[in-house]
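*Asks:* The structure under discussion is supplied below as structure tokens; questions concerning it will follow.
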Amino acid sequence: MKVFKINLGSDNPSPLSGRFWTKALVVALAIFICSLLFKFADVSSPLAAVVAALVISLLNAFLKPLLTLISAPLILMSFGLFQLVINAIIVLLTSYLVKGFHVGGLLDAVLFSIVVTLISFLLDLPIKIKRMKDALFPDRDNEKEEEEEFTPYEEMDSDFNDEDKEEKQ
């Protein structure tokens, strides 16, 4: 029996994994697109977007679990909406740390985090679909090889055994 783990929520990969760096680049692209489309975030260059994405990804990996644990009662009472405030705090902290990346205030940071999350979800969707297909159909490539190597066999009746064969001969 195969067990499938499908995570439709947010996934925070380890900073040591390749998935972390892929996700950071997707977030960098989302930050740059968001800064071009909206005025609540200023990014001076694509390099600043990459640095901001790396800082946001590292803060999400190390600081966000701690903030989530501390504010768990507020998250429960607000039905999860306090997560937006935590994301805004991380964006504001990144704005303070990275030169060339600026977000105006708390409301701008909340809007920025929502838009960047949506854009990065859309950019990351083909990768997630491929990972889900690989998880659900791991032997998809092997099936084609097995079909080519098919050898015909002869069916026998279940009632027909060796003794009956000898009697008929």
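The values are calculated or read from the model by the stated rules, or taken from the named source; none is laboratory data. Remember, predicted model here, so these are calculated numbers, not experimental data. Methodologically, a virtual Cβ is constructed for each residue, glycine included, from the backbone with ideal geometry; neighbour enumeration extends over all protein chains shown. Note: areas computed on protein heavy atoms with side chains; ligands, DNA, RNA excluded. Shrake-Rupley method; radii C 1.70, N 1.55, O 1.52, S 1.80 Å.
*Asks:* List the helices (runs of 4 or more DSSP H) that sit entirely inside the stretch 27-113 and contain at least 2 residues that are closer than 28 Å to LEU16 by Cα.
*Replies:* Here the list reads 46-62, 64-70, 82-97.
*Asks:* Test of understanding: among VAL115, VAL98, which residue is crowded, with 16+ Cβ neighbours inside 10 Å and within 17 Å of PHE38 (Cβ to Cβ)?
*Replies:* VAL115
*Asks:* Given the conditions (1) out of contact with any Gly (no Cβ under 8 Å at 6 or more places or on another chain); (2) at pLDDT below 90; (3) open to solvent by less than 40 Å² (accessible area, probe 1.4 Å), which single one is not true for GLY18?
*Replies:* (3)
*Asks:* Considering the stretch 53-95 alone, what residues qualify as being of a type in the set (Val, Ile, Thr) and surrounded by 15 or more Cβ atoms within 10 Å (Cβ to Cβ)? Give the derivation first.
*Replies:* Taking the stretch 53-95 and keeping what is of a type in the set (Val, Ile, Thr), we get 55-56, 68, 70, 75, 85-86, 89-91, 94.
Within the stretch 53-95, VAL55, ILE56, ILE75, VAL85, ILE86, ILE89, ILE90, VAL91, THR94 meet the criteria.
*Asks:* Can you find even one residue in the stretch 126-143 that is surrounded by 14 or more Cβ atoms within 10 Å (Cβ to Cβ) and among the acidic types (Asp, Glu)?
*Replies:* Taking every residue of the stretch 126-143 in turn, none turns out to be surrounded by 14 or more Cβ atoms within 10 Å (Cβ to Cβ) and among the acidic types (Asp, Glu).
*Asks:* Would you confirm whether or not the stretch 148-159 contains a residue that is at pLDDT 55 or above, under 37 Å from the mean Cα position of the chain (by Cα) and part of a helix (DSSP H, G or I)?
*Replies:* yes
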